[in-house]
Amino acid sequence: MEKLVAAFGRFASHEAKNNSQLYEYWCKRIMTNEQLLNLIMHIPETQPKPNLFFGSVQYLSVQKETPLKRIFESPFEVDLEASFQLLIDFCLTHSDELLQLFHTKSVQTNEVQRASYLFPIFSEIAEEVELPLTLLEIGTSAGLLLNLDGYRYEIEQEPPISFGNENSPLTLFAKNYGTSITSVKNLDILYRIGIDLNIIDLQDSEEYLWLKSLIWPEQIIRKENLEKASAIHRQYSKLLLTGDFRELIPPLFDTHEFKGSQIIIFHTHVANQFPAKLKTELLTMLQQLSHIQSIYHIYNNMDDADLHVDYIAGGVIQSVKSLKDTDGHGKFFSWN
């Protein structure tokens, strides 16, 4: 129980603070509420409990005509303590349905805003190797980050810079606190491949609602971005594979289709759900595959929160770049 209380304490102070007043308050109250803690204890250890709990509550409540639904629809002007009492009532009334969600759903955010720092990284790699790119994302969710060349970007820095698809209906805004980015060239992407234990089908209304429910109530722009990105998603051909990346990635290297392109394997805010053994197996697999073809590996949450860019060839891992202070939702980053 102490571990669970600590998880909600961290979520309140490090994630919800300045992002969701509602979730921050609820976290602090949940920490001393045995009824809710006993319910949340049933969430599998492999899942981040605050995220899955709040996502499940939002997903279930917006489908029912309850007072809690109205809290999620209008989260900015609420009586926080009254809202928490509504949360308790809702969870106790719908505990069986919540328990089912805890064991059938997983945290699979597909935050397109992260493309704001991925795009210039991919562009830098493409300029270095002078080849089209093959993108392979582990933990792809619905695959929205595979379409990053379909979005337009406005980066606040000195001087400001914009890049990407000028005609895109979706413009992503982010702030660069680091060295100013001077040039970002458009991407030539040959293949787009996404792997996940559970691919989210955005054409399925329930799966789309689950993805939307993982976005915090006050973050209206994130929900609008998801809606626009979902429409763009249909315009891009990609291969989305369901299963274990350890089984699915090696056969892809047996094909000659990747020849003439640079493979980039990336994952953001996924490895925090990997046990240590799986992290080791991932790195070992990439080293082995790099004897067939070189790989750029872009990731965070393997050893720390920084965003890392590694180049792997002939089994040797070389650190290329590391971005500190990269926001989990892609609102800001520090370029170098």
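The values are calculated or read from the model by the stated rules, or taken from the named source; none is laboratory data. None of the values given here were measured: they were computed from a predicted structure. Quick reminder, even Gly has a Cβ in these numbers, built from the backbone with ideal geometry, and neighbours come from all protein chains shown. When the accessible area is computed, the model is the full protein with side chains, heavy atoms only, and any ligands, DNA or RNA have been set aside. Shrake-Rupley method; radii C 1.70, N 1.55, O 1.52, S 1.80 Å.
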Quiz prompt | HN-Hα J in Hz across the range 281-292 - Karplus 6.51, -1.76, 1.60, θ = phi - 60°, x for Gly and Pro | solution = 5, 4, 5, 4, 4, 5, 4, 5, 5, 5, 6, 8
Quiz item: Using the Karplus equation 6.51 cos²θ - 1.76 cosθ + 1.60 (θ = phi - 60°), what ³J(HN,Hα) coupling, rounded to whole Hz, does each residue of the range 258-263 give in order, writing x for Gly and Pro?
Solution: 6, 4, x, 9, 9, 7
Practice problem: Take peptides 212-222, 79-89 and line them up by average Cβ neighbours within 10 Å, highest first, as a rough protection proxy. | Solution: 212-222, 79-89
Quiz item: Can you pull the percent of the chain's accessible area that's carbon plus sulfur, 1.4 Å probe, other chains left in place?
Solution: 49
Quiz item: Roughly how many Å² of Tyr299 are accessible to a 1.4 Å probe, to the nearest 10?
Solution: 30
Exercise. Work out Dmax and Rg for the range 148-281 from the C-alpha atoms and quote the Rg first, both in angstrom.
Key: 17.4, 47
Quiz prompt | Selection of GluC sites (Glu not before Pro), the range 101-143, meeting DSSP coil and at most 16 other Cβ within 10 Å | solution = Glu130
Quiz item: Relative to the Cα centre, what is the charge dipole magnitude of the range 7-140, using +1 at the beta carbon of each Lys and Arg, -1 at the beta carbon of each Asp and Glu, and rounding to the nearest 20 debye?
Solution: 460
Practice problem: Could you compute the FRET efficiency for Lys64 and Gln203, with r as their C-beta to C-beta distance and R0 at 30 Å, rounded to 0.05? | Solution: 0.80
Exercise. Please figure out what share of the DSSP beta bridges in the chain is antiparallel and state it in percent, rounded to the nearest 5.
Key: 35
Exercise. Quick one: dipole size for the chain, taken about the Cα centre, charges +1 on Lys/Arg Cβ and -1 on Asp/Glu Cβ, in debye to the nearest 20.
Key: 140
Practice problem: Among the listed pairs Lys185/Lys321; Lys212/Lys279; Lys238/Lys277, give every one whose C-alpha distance is greater than 20 Å. | Solution: Lys212/Lys279; Lys238/Lys277
Self-check item: Antiparallel DSSP beta bridges within the range 144-209, percent to nearest 5
Solution: 45
Quiz item: Non-local amide H neighbours of Leu240 (under 5 Å, H modeled in plane, Pro and chain starts lacking H): which ones?
Solution: Gly194
Quiz prompt | Computed accessible area, Val320, all protein chains, 1.4 angstrom probe, square angstrom | solution = 80
Exercise. List the residues whose amide H sits under 5 Å from the amide H of Leu172, counting only those 5 or more places along or on another chain, with H placed 1.01 Å from N in the peptide plane.
Key: Arg152, Tyr153, Glu154
Quiz item: Using helices alone, what [θ] at 222 nm do you get for the chain, with -39,500 (n - 2.57) per DSSP H run of 4 or more residues, divided over all residues and rounded to the nearest 500?
Solution: -11500 deg cm²/dmol
Quiz prompt | Orientation-averaged projected area, Cα convex hull of the chain (nm²) | solution = 16.8
Quiz item: Of Gln35, His103, Ser13, which is farthest along the charge dipole of the range 1-133 in the positive direction, counting Lys and Arg as +1 and Asp and Glu as -1 at C-beta?
Solution: Gln35
Quiz item: Over its Cα atoms, what ratio of radius of gyration to 2.2 N^0.38 Å does the range 93-190 give?
Solution: 1.38
Quiz prompt | the chain - percent relative contact order, Cα under 8 Å, separation 6 or more | solution = 17
Quiz item: Once Rh for the range 32-80 is found with the Kirkwood sum over Cα pairs, what is the Stokes-Einstein diffusion coefficient at 10 °C and 1.306 mPa s, in µm²/s?
Solution: 130
